[in-house]
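Only one structure is covered here, and it is reproduced in the block below.
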Amino acid sequence: MHINFQMMCEIRSNTSHLDTLETSVHKLDRSTSESLTRIHNRRSRKALSIRMAKALCGLSDLFIQDVKAYKRMHECNGHLWQEGSKFTTYYCRHRACPLCSAMRSAKMIEAYEPQLSKIDDAYFVTLTDVNVKADDLRNEAKRFSQNWSKVRRNIHTHNKRNPHKSYDLRGIRTIECTYNWKEDTYNFHNHIIVSSKETAERIVKLHLKYHPTANESAQDIRKADEGAIRELFKYIAKGMTKDSYSAQIQHNIHSALKGMNQYYPFGISKQVSEDIDELQSEVIELNNREYGVWKFDASASMYGDWIEADGTPLLGEWRTDKKSRKFKRMIKLVDKQINHEQSDEIKRKTSETISDEDLQTLRSNIRFCIDNGIELF
Ligand SMILES: [Zn+2]
């Protein structure tokens, strides 16, 4: 279900209504400063998400369902409904949304970290192949998936035939895609955390067998350090580098990988689905209000803030820590693209071909000038 401002107000006027909604409340055993940091980080993601959604909605080759999905992304966390220290909001669940991706990553880490951290000799593997054009990206992702099934089947068959020399095949695989700005190509690849060095090497060997165009030196095996699990689940803004952003590239990647899972556990139990709840609540000690409906304004408090009907901003000034600075840089990149597109639109409008009627007028004016000996230029 989708929730909008009107519904928020309904919920506000009838608290029992909330009991019927599917919500998940994170009962946080965290200090106030930690929950404050979380809401500040959430604002950073919201400020980025709303701008990305705007840029994505502005693309010209969208299907109606894409437009609807990006509009929902625009609304994601658009209102916070406050009931004391409990803040409830709506999540769009789109993969392109920084808010929903962060929520999904946290869910995946919570579900899989206990199992993965029990693996003593874990290795981090990256499997790649040659880059492809946007139109071939979906097929490339399917090819990777089919070949991964072959890799697993091959290892299982080997293990059955050689029970004393079997490979320990436990871990998780994630799908990922990066963009080459120079060549306008996409690199689809897999990251895998796997249970031993021998298994990692066997996987790479089989991957090269099933991907004849893949370059051996482009595959990577390294010991999984403490941060490897978190690295595997982290949010990577598609279509964005340190100094560029393109909504078109972001859209191309997400539409090519639409309907596919991002995380594939193997040899360990599948804990949860990747989906996140549409309505979520969090306990945050922020102010003494009993009730509040906070609406996000992308230009408030400089880069964005939730504002109450009486004009009070929820968080006020932006923080200056490393994470906030990183988001500010990303926000500026997206703003730059939106402004650039708008100026392109103005250019396009101002260079529109002249109408037949205007041409007639112009011709008769020229005729008049010639007839009356008036200099034209
Ligand atoms: Zn979202």
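Here, each number is a calculation from the coordinates, and none is a lab measurement. From a predicted model like this one, the values you see are computed outputs, not experimental measurements. Glycine gets a Cβ as well: all are built from the backbone with ideal geometry, and neighbour counts include every protein chain shown.
Tabulated values for the structure
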item	result
Neighbour-count ranking [beta-carbon atoms within 10 angstrom, fewest first] of Ile109, Ile193	Ile109, Ile193
Burial ordering of Thr178, Thr241, Thr213, fewest other beta-carbon atoms within 10 Å first	Thr213, Thr241, Thr178
Distance (nanometres) between label positions extended 7 Å along Cα→Cβ at Lys142 and Glu231	3.3
Stretchable slack from Ser117 to Tyr264, in nm (0.36 nm times residue separation minus alpha-carbon distance)	51.3 nm
Global form of region 112-266, assessed from the alpha-carbon gyration tensor, a/c cut-off 1.5	prolate
Restraint check, Lys86/Lys258; Lys133/Lys323; Lys71/Lys238; Lys142/Lys323, Cα-Cα greater than 27 Å	Lys86/Lys258; Lys133/Lys323; Lys142/Lys323
Neighbourhood charge, 14 Å Cβ-Cβ cut-off, centred on Glu198 and excluding it, Lys, Arg +1 and Asp, Glu -1	+2
Neighbour-count order for Ile331, Ile192, fewest beta carbons within 10 angstrom listed first	Ile331, Ile192
Label-to-label distance, nm, for residues given as Lys182 and Arg222 (7 Å Cα→Cβ offset)	2.1
Phi-based couplings in Hz for region 168-183 (Karplus 6.51, -1.76, 1.60; Gly and Pro marked x)	7, 10, 9, x, 8, 10, 10, 9, 8, 9, 10, 10, 9, 5, 6, 9
Loop trypsin sites (Lys or Arg not before Pro), region 232-272, which have at most 16 other Cβ atoms in a 10 Å radius of their Cβ (DSSP)	Lys234, Lys242, Lys258, Lys270
Unsatisfied cross-links (Cα-Cα over 30 Å) in the set Lys209/Lys242; Lys182/Lys326; Lys197/Lys322; Lys270/Lys328	Lys209/Lys242; Lys197/Lys322; Lys270/Lys328
